[in-house]
Amino acid sequence: MANILVVEDERPISDLITMNLKLVGHTYSKAYRGPDVFDMLEHEKPDLILLDVMLPELNGFEVMQRIAPLQIPVILITAKNSLADRIKGFELGADDYIMKPFEILELLARINVVLRRSEKSTSSFICDTVEVRYLERQVLVDQTPVDLTVREFELLEVLIRNRNIALSREKLLELAWGYDFAGESRTVDVHIRQLRKKLGWEDRIKTVFKLGYRLEVQV
Amino acid sequence: MRFWHKILLAVLALFIAALDVSVIMVMKKSWQLNMDSETQRAASEQLLIANNIYENLNSIQTRGTRITPILLASVAQSYSEYYRKQGIHLQLWDNGQRVYPSRAGTPASPDSGTRDPAELLDEQSIQLSSPLPAPYQHLQLVYQRDISGLFAKQQELSRFFVMINWIVGPVLLLLLYLLIRQLTKPLKLLSETSKTIAEGDYSKRVQLRSKDEFGELALNFNRMAEAVEHRVTALSEMAEDKQRMVDNLAHELRTPLTSMQGFAEFLTTANIGEEEQQTAGRYILSETLRLKNLAFKLLDLSVLRHQALTLRKVELTELFQAVEQSEQPKLADAGIKLHLHHTIPQVWGDADLLASYLVNLIENAIHASKPGSTIQLLAYEQNGDAVLEIRDTGAGMTAEQAKRVFEPFYRGDEARSSEHGGAGLGLSFCRQIAEAHKARLSLDSVPGEGTSIRLFLQLHNNCPLIL
């Protein structure tokens, strides 16, 4: 989907982020120190940079200043909860700001928002005989358009963007229906059943015991 | 209204009032003296005229002529004509009947020269009347003297006085303005400086070198500003220290928590293979240990802070051996030698705490040193203290780093990466141990040359009474 550069000196967190990025279909590269970023940017230009603020040798803010001319979207990751830091980050042109500890789903959601805003998001997704076109909001099975309701399409998009990750019914409601939707979790089951039937994805959309649903796609 | 306005107006008003009152009083006195002398002169002149008339009448009577009103009038007229040139009018009354000047003799006319002398009794004249000596006591001589010259003189003086007021007023105003501006300059300076300080520039001082009250005020003001600046700086430094500590603690807590939470989520929700499950599990374990270490270190610090210590005799040979034993694997890994040397047999302290003190510092020294170098652990006596010293030839610290190195959570590495060492509590723990021993801790470091940390303990035989 997108090529993301992860700059984080704490190896566990760096691995955590990249393992999840891989899961939902992003490609990535890693840097552990501030100055490494510049070397890597000479070879390839990523679609997005996830940048830790506390880095050895050159901190995240200094890195941002140096790479500003490249116009690459940046999401700052930090353990500091100070307003001054957040303001400084945004002033330097950060697209978003996420604080440790964070939920993986939240990080992925923010990545998607930034990618969509910078139009680096892929416009379609193909799996088996199913093709999903985000911009046209159209779904084709065997090249034949399938009729999906607005809600079903939203749900499908959420499942694809967070594929290989189990999403609880509550989370699905929150992501596909919106925060203020006061629906029942049974609503989700009904829509999932419809999706499975319309796309022939009885095996792809798995029910995860006690958790929810997961769209399983080979990584 | 500004202070100098008030002073200016008050002094001006007071001065003019004082001037005017005194001038008016002087003028009044001089007027009174003039009047007195005029009155006296009039009295003696009147007496002279009365006596002359008396003499005249006497001689007329001795000649046997009867004294008639006509005669009286002619006598009075002769005198009156003589004295009129000197501005003196005379009247002669006989038993309440005026005989000179006679009412019928002169026609009534409006001009003052011929007017009825009785009506000349205005303010600008002195009038006296007295009877002639006996036997003519039925005759009354009225003497009237014109003193308009005196009045004119007085009026001239008044005009002059008003003129002086008009001239002196502005001149005084100008002089007072200059004087007061000059005198209140320090006040303006003080006010401006205090305003600057109130706006937050605490480094501002009043530049005033006079020896009067203003100079004293400026001196005290500067002293106050200094004290305030000192306090404010200390407070903001304290706040900064605290913020830094909170930030660092937050980092130390958030970093392992992020991994733990993230990998636990990953394990439960992600569609992953066995290998990735293993990785996630390993990370959860290692980060849990990291957090556990932090928790226990914080606990140690807090226990040490709240627990009184029982000091005992500590054999240095045993202490050094224990430390060397526990650090041997790490020293070997890093390829660093440890050199032990003590010239005193024992110190006064807590063996376990002193051991963890030394272990902490040696581990720091190992991180700072290059392979092949030597770390020295020394014990010796200096000025009655037992000194434990750890000396390395490693990276050293800048003065700024050396200042903060004992702060909790301080790390030389600003990124606080977990590659080397822990949360930055080691040295702060060492400081706590030193404080528990009531021992002084000193650190000398030169960047690039190495660091030496000394602990000044009691010699065991020095002071066994403190228990």
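Brief remarks on what is shown
- Out-of-range pairs (alpha-carbon distance over 18 Å; input A:K88/B:K242; B:K6/B:K195; A:K80/A:K100; B:K313/B:K438; A:K80/B:K242): A:K88/B:K242; B:K6/B:K195
- Shielding by partners for peptide A:55-62, expressed as the average number of C-beta atoms from other protein chains within 10 Å of each residue's C-beta, is 2.
- Burial ordering of B:E265, A:E91, fewest other beta-carbon atoms within 10 Å first: A:E91, B:E265
- Seen from B:L157, the other residues with C-beta closer than 13 Å to its C-beta sum to a net charge of +3, counting Lys and Arg as +1 and Asp and Glu as -1.
- Using Cβ point charges alone (K and R +1, D and E -1), the dipole size of chain A about the Cα centre works out to roughly 560 debye.
- Counted by neighbouring Cβ atoms within 10 Å, the residues B:F320, B:F3 run from fewest to most as B:F3, B:F320.
- Residues whose amide H lies under 5 Å from that of B:D94, counting only those 5 or more places away or on a different chain, are B:V99, B:Q140; hydrogens are built 1.01 Å from N in the peptide plane.
- The antiparallel fraction among DSSP beta bridges confined to the protein assembly as shown stands at about 75%.
- In the protein assembly as shown, a dipole from Cβ-located charges (positive for Lys and Arg, negative for Asp and Glu) runs towards its positive end, and of B:N383, B:V446, B:N56 it is B:N56 whose Cα lies farthest in that direction.
- Value of relative contact order over chain B, rounded to a whole percent, pairs C-alpha under 8 Å and six or more apart: 9
- A:E91-B:N165 pseudo-label distance in nm [points 7 Å out on the Cα-to-Cβ vector]: 6.8
- Cα gyration tensor shape of the stretch A:3-118, rounded if a/c is under 1.5, else prolate or oblate by comparing a/b with b/c: rounded
- Helices in chain B that qualify as membrane-span-like (whole DSSP H runs, Cα extent of at least 30 Å along the helix axis, mean Kyte-Doolittle hydropathy of -1.0 or higher) are B:3-62, B:148-183, B:213-269, B:274-306.
- Counting only other chain Cβ atoms within 10 Å of each residue's Cβ, the peptide A:1-13 averages 4.
- Percentage relative contact order, the stretch B:121-164, counting C-alpha pairs under 8 Å, at least six apart: 34
- Entry note, chain A: relative contact order of 15 percent, from Cα contacts under 8 Å with a spacing of 6+ residues.
- Only helices enter this figure: runs of n ≥ 4 DSSP H residues, each worth -39500 (n - 2.57), summed and divided by the residues of the protein assembly as shown, yield -18000 deg cm²/dmol at 222 nm to the nearest 500.
- Inter-chain neighbour count for A:20-27: the average number of beta-carbon atoms from partner chains within 10 Å of each residue's beta-carbon is 2.
- Gaussian network model of chain A, Cα within-10 Å springs - most flexible of A:L51, A:L156, A:L70: A:L70
- Reported to the nearest whole Å, the Cα centre-to-centre distance from the stretch A:74-109 to the stretch A:149-219 is 28.
- Estimated distance in nm for a label pair at B:Q86 and A:E136, the labels positioned 7 Å out from Cα along Cα-to-Cβ: 14.4
- Choice from A:P73, A:P12, A:P35 with maximal GNM fluctuation in chain A (Cα, 10 Å cutoff): A:P12
- Ascending count of other beta-carbon atoms within 10 Å, so fewest first, for A:V208, B:V228: B:V228, A:V208
- Efficiency of FRET from Cβ geometry, A:Q71 and B:Q401, R₀ 45 Å, rounded to 0.05: 0.75
Each value in this text was obtained by applying a stated rule to the coordinates, not by laboratory testing. The model shown is predicted, which means the values in this text are computed figures rather than measured ones. Ideal geometry is used to build each Cβ from the backbone, glycine not excepted, and the neighbour counts take in all protein chains shown.
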